[in-house]
Amino acid sequence: MDMNKISKKWQEKWEKAKIFEVKEDSKNKYYVLEMFPYPSGSGLHIGHTFVYTVGDIFARFKRMQGLNVLHPMGYDSLGLPAENAAIQVNEHPKDYTEKSTKNFIKQQKELGLSYDWSRMLKTCDPTYYRWNQFIFLKFFEKGLVYRKKAPVNWCSECKTVLANEQVHSGKCWRHEKVDVEIKQLEQWFIKTTEYSDELLDMTDDLDWPHRIKSMQKHWIGKSYGTEIIFDINGEKWPIFTTRPDTIFGVTFMVVSAQHSKLDSLVTPEQKLEVDKFLKKVKSVSEKELESLEKEGVFTGSYAINPLSNEKIPVYAGNFVLAEYGSGMVMAVPAHDPRDFEFAKKYKIPIKIVVSPNNSKESSNLKEAYRGHGKLVDSGDFTGMDNQDAVDAVAKQLEKIKLGKKTTQYKFRDWLVSRQRYWGTPIPIIHCDSCGEVPVLEKDLPIELPQDVVFGEGNPLLTNEKFVNVKCPKCKKDAKRETDTMDTFFDSSWYFLRFCDPNNSKEMFNPKKADYWMPVDQYIGGAEHACMHLIYARFFTKALRDLGYVKIDEPFPKLFNQGMVLGEDGEKMSKSKGNVVDPRDICKKYSADALRFFLVSLASPDKDRNWSEKGIEGSHRFINKIIEYVETAKIGKSSERNQHKINKAIQQVAEDYGNFKYHTATMKIRGLLDGLEPDISKEDLESFIKIIAPIVPHLAEELWSNLKNKSFVSVESWPNCDKKKINEQFDKEEEFTDKTVSDILNILNLIDKQIKKVYLYVLPNDADSYNLEDIKKRVEKEVILYKVNDKEKYDPDNKSKKAKPGKPAIYLE
RNA sequence: GCGAGAGUCCCAUAGUCUGGUCAAUUGGGCAGGACUUAAGAUCCUGUGGCUUAGUGCCUACGAAGGUUCGAAUCCUUCCUCUCGCACCA
């Protein structure tokens, strides 16, 4: 059997018969989706192959279970890497992307993935991204989009700003060597924080891997505390603290060096010092900032402690985040390690206000005390347990209207504008008189102009026709926004577009979205925990509140597949030379062998190492399947076969449904191993159906060889006839194995020439041994007696040693 | 530091939720055998230790304790590893 020919044949037949295309109907729907790829020039890598295989097996299984399965595929084809790659080879990003996408599609088809190709979408098509623009405008109308000058993350390699989510440990998510710089720039933001609470609360109900949920929760990072208002120069400055109980220990304040109102705090005498400090802070990246020693400078201003009325100096510091809380903190060096470090450095007094033993001596304090204790030196609160004081102080502040209990989030609004070409143009026009004016809906899409010059700065600025426009409001000369949208905007709603991908009137028909959504099973890598998965959830909620969808969550179930590592257990990389190209594997062995191998290695959620020996093993197994089916005697199934098949129908279904493909392959191996040649057509067909989700091409071929006209891919999963399951057969297998093992063991131990093997079994067990099988395996003549057989040949009187499941043995 | 997860017989992996049927699944490797002129493919067997005509015993599922008649499986503590977040006040 030429597997490659077969694969191609069936791929063509599937496509021609459109068997994976679906419409809304009365059947129960099931939406299976793998995160769509970013099509790169280098083609599909083995990791892609793996996720799509994982998703495809699931989709195929659900389809066979009779569900109306939507399984679409698309391409996240706008974005920076394509732009950069295209520039490097001196091509236009559009042409470059088109080529890459074509290549991806070709390779995916070669894997036999059961997509509804009629729904294929590409985010770089204006027919798609016009709806990005539409959504942007709707968000704008609703007040979910705004422009603001803020300290933002800048990647010098990407030459654009980045969202918070795209900064990983101070580095650009795409350039692990590039430190992100903080710049003050005017940028577009999406008010993702509007949904902080809902995003946080609803994570609990999601059927997602623990760690993804915990990562998201962390990312949103809700903390409960108290807002306290300090008076500085007659102005009210709120700060956020989780430790209001230590308010009497505040000996200084620190405002972020990036704080927009820092200037107003700096006195003329301190201006020089502060400027010097700011210059120094500016030149360091966020990453360095983290490892850096805490530094600061006195601003010259003083704050008034609302409870003690003490006058406390205000510093500007490099360790306070401008964007968290109010960008200023109250510093309690005795009870906070950061404040302690700072106070020691600048010789600021340290005042103990919480003590486990009433001690107030701070001069020999080695580190901040963060434990519990009684309040000391704390006015009316002195003597109170500090945990009780958290509430008591908050209450008191509330009473005098200088504070209140509140919550804070780490989560920030999403910075969506990018100073690059290959993205969705932001549909806004800047007018000197009218300000930021949204493009009219009828003017959408704002298409990306082809004619631009790539070089320094945003290429879109080089197309004057694109930039110079009339203001939609006052018709005067105006400038088009040249920033484009973050690529994550595109992927935040593509799953909705799949419900109605060719609609040119609406972004999707609401009824269709109602039918298909939510995505019943989403599948993808963990790297998107705090990026795509948060944005997509936000979009769904925002679109719900705009009336476009009815669901609250797009992906109630998420499955994270593991990584495919190189043979050496390292991440595959060109420099390590451990890269495996799926195309080569397909050619050498077949798509089915690759699919089978990838899922047979380990449970799909775990990492796995590539193994050349392993793929050979899978290839061998596939040949074994072919060999069996071709030599099977079709007629009536032996009872043992009926038992084995029916048991497998049940067990494998359970494994497929729970992403336990690895154990499914183990059971399939076990099944084939024990199948006898005599089998009914129906049982043989069941066997083919069982393997079909993993090795679909082979299954179709075997299926059609049985003179079936239909596609096994859309046949229904076989019914398990429980009456046919008879554990006696498993017992027999076990007894037989053990007996063979025993006989061979004895043969090994003695060196007599043996011709005959006599077995003496307990009468009850007599049917539990497969004598033929034993003969074949020990390659000797075997004679079996019941122990109570009067006529038996037993010169050594061995028969008395027989036990349940264990015959007595005599050799001669 | 905080959070999530994991540690099983040469390697990988199943079993852990629902304790006994577990020296423990499956693949790979290795070893022996069958087939073959030979090789390959295929098939059978073995692969913790000692021991034995198929037996029995010991040691074992990261370490140490505990619960139990009984633990790879439940509880406690510890160690190691992986991943994510990280000056969030």
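Taking the listed residues A:N153, A:N132, the one that is within 16 Å of RNA strand B (Cβ to nearest atom) and under 26 Å from A:G457 (Cα atoms) is A:N153, with no other qualifying.
For A:P693, the conditions (1) in contact (Cβ under 8 Å) with a residue 24 or more places away in the chain; (2) assigned to a helix (DSSP H, G or I); (3) under 30 Å from A:K109 (Cα atoms) all hold with the exception of (2). Of the strands (runs of 3 or more DSSP E) lying entirely inside segment A:340-440, those carrying at least 1 residues that are farther than 26 Å from A:Y195 by Cα are A:428-431, A:435-438. I'd like to know if segment A:228-242 contains one or more residues that are buried (at least 21 other Cβ atoms within 10 Å of the Cβ) and part of a helix (DSSP H, G or I). Checked segment A:228-242: no residue is buried (at least 21 other Cβ atoms within 10 Å of the Cβ) and part of a helix (DSSP H, G or I).
For segment A:432-491, name all the residues that are basic (K, R) and either touching a residue at least 60 places away in the same chain (Cβ under 8 Å) or out of contact with any strand residue (DSSP E or B) (no Cβ under 7 Å at 6 or more places or on another chain) (or both). A:K442, A:K465, A:K475, listed by residue number. Restricting the search to helices (runs of 4 or more DSSP H) fully inside segment A:544-657 and requiring at least 3 residues that are within 13 Å of RNA strand B (Cβ to nearest atom) gives A:591-600, A:612-631, A:639-657.
Name every residue in segment A:760-770 that is surrounded by 14 or more Cβ atoms within 10 Å (Cβ to Cβ) and part of a helix (DSSP H, G or I), in order of residue number. If the condition is that a residue be surrounded by 14 or more Cβ atoms within 10 Å (Cβ to Cβ) and part of a helix (DSSP H, G or I), then A:D765, A:A766, A:S768 are the ones that fit.
Figure legend. Inter-residue proximity from segment A:393-410: first residues open to solvent by less than 40 Å² (accessible area, probe 1.4 Å), second residues more than 16 Å from RNA strand B (Cβ to nearest atom) and not aliphatic (A, V, I, L, M), beta-carbon distance below 7 Å, spacing 6+ or different chains. Indicated pairs: A:V393/A:F381. Here is the figure for segment A:736-759: residues that are under 15 Å from A:S799 (Cα atoms), more than 8 Å from RNA strand B (Cβ to nearest atom) and either open to solvent by 10 Å² or more (accessible area, probe 1.4 Å) or of a type outside the set (A, V, I, L, M) (or both) total 1.
Results for (1) open to solvent by 30 Å² or more (accessible area, probe 1.4 Å); (2) at pLDDT 95 or above, shown as yes or no for each residue.
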{"site": "A:D275", "(1), (2)": "yes, no"}
{"site": "A:K280", "(1), (2)": "yes, no"}
{"site": "A:E288", "(1), (2)": "yes, no"}
{"site": "A:G296", "(1), (2)": "no, no"}
{"site": "A:P306", "(1), (2)": "no, yes"}
{"site": "A:P313", "(1), (2)": "no, yes"}
{"site": "A:L321", "(1), (2)": "yes, no"}
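Screening the candidates A:S575, A:S638 for the property of being open to solvent by 70 Å² or more (accessible area, probe 1.4 Å) and at pLDDT below 95 yields one hit, A:S575.
For segment A:781-812, a residue qualifies if it is more than 9 Å from RNA strand B (Cβ to nearest atom) and touching a Leu at 6+ places or on another chain (Cβ under 8 Å), and the qualifying residues are A:V782, A:I783, A:L784, A:Y785, A:K786, A:V787, A:P804.
Restricting to segment A:786-800, and then to whatever is touching a residue at least 12 places away in the same chain (Cβ under 8 Å) and under 23 Å from A:I750 (Cα atoms), can you tell me which residue is least open to solvent (accessible area, probe 1.4 Å)? Ranking the qualifying residues of segment A:786-800, first place goes to A:S799.
For segment A:465-475, does any single residue satisfy the condition of being open to solvent by less than 10 Å² (accessible area, probe 1.4 Å) and either part of a loop (DSSP other than H, G, I, E, B) or not acidic (D, E) (or both)? Checked against the condition, which is being open to solvent by less than 10 Å² (accessible area, probe 1.4 Å) and either part of a loop (DSSP other than H, G, I, E, B) or not acidic (D, E) (or both), segment A:465-475 yields at least one hit.
For segment A:516-545, residues that are open to solvent by 10 Å² or more (accessible area, probe 1.4 Å) and in contact with a strand residue (DSSP E or B) (Cβ under 6 Å, 6 or more places away or on another chain) total 2.
Considering (1) surrounded by fewer than 19 Cβ atoms within 10 Å (Cβ to Cβ); (2) more than 16 Å from RNA strand B (Cβ to nearest atom); (3) in a loop (DSSP other than H, G, I, E, B), the lone condition that A:E194 does not fulfil carries the number (3). When restricted to residues that are surrounded by 19 or more Cβ atoms within 10 Å (Cβ to Cβ) and among the polar types (S, T, N, Q), segment A:11-37 contains 1.
For A:G455, state whether it is at pLDDT below 95 and more than 28 Å from A:C431 (Cα to Cα). Steps first, answer last, please.
On the way: at pLDDT below 95: yes; more than 28 Å from A:C431 (Cα to Cα): no.
Against the criterion (at pLDDT below 95 and more than 28 Å from A:C431 (Cα to Cα)), A:G455 does not qualify.
So, in segment A:210-230, exactly how many residues are of a type outside the set (A, V, I, L, M) and within 7 Å of RNA strand B (Cβ to nearest atom)? Residues meeting the conditions: 8. Please specify each residue of segment A:715-735 satisfying the condition of being within 16 Å of RNA strand B (Cβ to nearest atom) and charged (D, E, K, R). A:E727, A:D730, A:K731, A:E732, A:E733, A:E734, listed by residue number.
The values are calculated or read from the model by the stated rules, or taken from the named source; none is laboratory data. None of these values were measured; they are calculated from a predicted model. Every residue, glycine as well, gets a Cβ built from its backbone with ideal geometry; the counts of neighbours run over all protein chains shown. Side chains are part of the model used for accessible areas, which takes the heavy atoms of the whole protein and leaves out ligands, DNA and RNA. Shrake-Rupley method; radii C 1.70, N 1.55, O 1.52, S 1.80 Å.
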